[in-house]
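Only one structure is covered here, and it is reproduced in the block below.
Every read-out reported here was derived from the displayed coordinates using simple, explicitly stated rules and does not represent laboratory data. It should be emphasised that the depicted structure is a prediction, and the values quoted were computed from it without experimental measurement. A quick note on method: Cβ atoms are made from the backbone with ideal geometry, for glycine too, and the neighbour counts reach across all protein chains shown.
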Amino acid sequence: MNLSNILLEGISVYSIEVLIKTIAGENKVEIYNQIRAVSGIVVVTIIQSDFLDNKSTSQYEYSLLKMKYIVKDTPENDIDIIKSLAVKLIPGLVSFVPRLNTLEKKGAY
C-alpha cells in the first residue's frame, strides 16, 4: 500500500486498553517504548493502577495501557497482529492481553 492509496482510502484509528505482563526487574519504560515502536501503534498511555501494582510478584509485574492504533483490516485482526509482534519481539514482555470490550473508534482521517 503506498501513500496515495492511504490518502484516498482514509485511515481509521481505534483505541483499546491492553493488560501487559512483564518480567519483574525489566525496565518497563524501555518495554513501553518498544511497544510504541510496533508498526501501526500511534499512541501508548500508561494507566496508573494500584490494583495491578498490588498483583505484582517477585517474578512478574502488570501494567494497563491505553493504545491508539491504525486499522488496515479489522480492529480485532490488527490488534492480534500487534499482539503477536509485541510478544515475539520485545524482551521482557510475557503477555499482551487486549481488552476488546474497551475497543473504540477514535476517527477516520
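Tabulated data for the structure shown
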quantity	calculated
Given (1) under 22 Å from A24 (Cβ atoms); (2) touching a residue at least 12 places away in the same chain (Cβ under 8 Å); (3) surrounded by 13 or more Cβ atoms within 10 Å (Cβ to Cβ), number of the condition Q59 does not satisfy	(3)
The one condition in (1) surrounded by 13 or more Cβ atoms within 10 Å (Cβ to Cβ); (2) under 12 Å from the mean Cα position of the chain (by Cα) that T45 fails to fulfil	(1)
Conditions (1) closer than 12 Å to Y14 by Cβ; (2) out of contact with any helix residue (DSSP H, G or I) (no Cβ under 9 Å at 6 or more places or on another chain); (3) part of a helix (DSSP H, G or I): number failed by G107	(3)
